[in-house]
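Engineer: One structure follows; several queries about it will come next.
The values are calculated or read from the model by the stated rules, or taken from the named source; none is laboratory data. In this text the structure is predicted, and so the values were computed from the model without any measurement. Please note: Cβ atoms are built from the backbone with ideal geometry, for glycine as well, and neighbour counts cover all protein chains shown. Just the protein is used for accessible areas: all its heavy atoms, side chains included, with ligands, DNA and RNA removed. Shrake-Rupley method; radii C 1.70, N 1.55, O 1.52, S 1.80 Å.
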Amino acid sequence: MHTSASSDQRIVEAAAVLHDGAAVTGWAALHWQRARWFSGFGNDGVSSLDVPVVTKRFIRAQAGVEVSQEFLGPGDTEWVDRIVITRSVRSVAFVARRSRTLVEAVTAIDMAAYSDLVSLAELELYVDGLGPITGVGRLRDALALADENAWSPTEVTMRLVWLGEDHARPLTNVPIFDEAGRHVATVDLLDPEAGVAGEYEGGVHLVGSRRAHDVAREGVLLRHGLQVVTMVASDLIEPSEFCRRLRDAYRRAGEHRIAAPGRRSWTIEPPAWWQPTLTVDQRRTLSAADRERLLAHRRAS
């Protein structure tokens, strides 16, 4: 099992050999700012990623460091805890531009937004100023699919699979209320027009009280007429069965709406007392106490 300290140490060692006009970038810059989902390790959780650095002039490559020669403007870098890093919008753009797949690029943007390091509006403004740089096409494609309220990489994959089935773009982690304004549930994905909800169940969801809670919550959603489709770990590798279940959920939702038109007992319109946290801007305004109170549950994702 890897630790945060091991990635921190690799970043410090890479930064120690940088000259003026160079900076740590990519996943390492985001990790240095305590972005949760940028661990510095591969998908296997074991293999270390090279620390990416960007420099305007040549520096000798060394083991464990990825050197990129790109232009650095005066506003592209900042000092954070004694290390020069590229600012967040440039760091996440670097990751997305150099991602192997579109899914990885979208995930990088979504998970940087999860930690409130960059908003989609900030990234759009940055992208508009880019020229024909390596990977800019992938970055633009990823930005069009990105979302500020995904809570985990698996949710991003589920959303993109969902979109690949040519359904409406689902909302992410949107709270659902009953007619009295009581919070019913917050689901991973929701097509509010069709009444279809999507949930990802990882290993933590399959045992003990968490599993009992999930089953009970699904029952509540069904009683409100919402059709629930669940993605599990194997669907991340081969999503065909999830896609079949998703089509079935849409079919059931269509039948339910025909059978009971105008009798929807839920809404996504929040009551006056609800504190929204759907966007980066909304979350950035929260006090430290409110962040802990309103956002701590996301860590269970």
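Engineer: Working only within region 267-297, note down all residues that are assigned to a helix (DSSP H, G or I), open to solvent by less than 90 Å² (accessible area, probe 1.4 Å) and not β-branched (V, I, T).
Structural biologist: Q282, R283, A288, A289, D290, R291, L294, L295, A296
Engineer: Same structure again: Can you tell me how many residues in region 5-32 are surrounded by fewer than 21 Cβ atoms within 10 Å (Cβ to Cβ) and assigned to a loop (DSSP other than H, G, I, E, B)?
Structural biologist: Of the residues in region 5-32, 5 are surrounded by fewer than 21 Cβ atoms within 10 Å (Cβ to Cβ) and assigned to a loop (DSSP other than H, G, I, E, B).
Engineer: Continuing with the same structure: Please enumerate the residues belonging to region 105-162 that are closer than 23 Å to G75 by Cβ and of a type in the set (V, I, T).
Structural biologist: I109, V118, V127, I133, T134, V136
Engineer: Test E165 against the criterion of being among the charged types (D, E, K, R) and under 23 Å from the mean Cα position of the chain (by Cα), and give yes or no.
Structural biologist: In short, yes.
Engineer: Got at least one residue in region 146-159 being over 20 Å from T186 (Cα atoms), of a type in the set (A, V, I, L, M) and either modelled with pLDDT of 95 or more or open to solvent by 30 Å² or more (accessible area, probe 1.4 Å) (or both)?
Structural biologist: no
Engineer: Just the residues that are in a loop (DSSP other than H, G, I, E, B) and open to solvent by less than 40 Å² (accessible area, probe 1.4 Å), please, taken from region 132-145.
Structural biologist: Once the filter is applied, which keeps residues that are in a loop (DSSP other than H, G, I, E, B) and open to solvent by less than 40 Å² (accessible area, probe 1.4 Å), region 132-145 yields only G135.
Engineer: A follow-up question, please. Please work out which residue is farthest from L163 (Cα to Cα), limiting yourself to region 231-246 and to residues that are open to solvent by less than 50 Å² (accessible area, probe 1.4 Å) and assigned to a helix (DSSP H, G or I).
Structural biologist: D235
Engineer: Which ones in region 57-101 are on the phi > 0 side of the Ramachandran plot and over 27 Å from the mean Cα position of the chain (by Cα)?
Structural biologist: If the condition is that a residue be on the phi > 0 side of the Ramachandran plot and over 27 Å from the mean Cα position of the chain (by Cα), then R82 is the only one that fits.
Engineer: Cβ-Cβ under 7 Å, sequence separation 6+ or interchain: first residue in region 166-177 and of a type in the set (D, E, K, R), partner outside any loop (DSSP other than H, G, I, E, B) and surrounded by fewer than 19 Cβ atoms within 10 Å (Cβ to Cβ). Which pairs?
Structural biologist: R169/L163
Engineer: For the structure I just gave you, tell me whether L189 is surrounded by fewer than 20 Cβ atoms within 10 Å (Cβ to Cβ) and either assigned to a helix (DSSP H, G or I) or at pLDDT 95 or above (or both).
Structural biologist: no
Engineer: Okay, next question. State which residue is nearest to H297 (Cα to Cα) when the search covers only region 33-52 and only residues that are assigned to a loop (DSSP other than H, G, I, E, B) and open to solvent by less than 30 Å² (accessible area, probe 1.4 Å).
Structural biologist: Checking each candidate, the answer is A35.
Engineer: Given the conditions (1) at pLDDT 85 or above; (2) open to solvent by 70 Å² or more (accessible area, probe 1.4 Å); (3) β-branched (V, I, T), report the number of the one that V228 does not fulfil.
Structural biologist: Failing condition for V228: (2).
Engineer: Can you give me the ranges of the helices (runs of 4 or more DSSP H) entirely in region 53-128 with at least 3 residues that are touching a Cys at 6+ places or on another chain (Cβ under 9 Å) and surrounded by fewer than 21 Cβ atoms within 10 Å (Cβ to Cβ)?
Structural biologist: none
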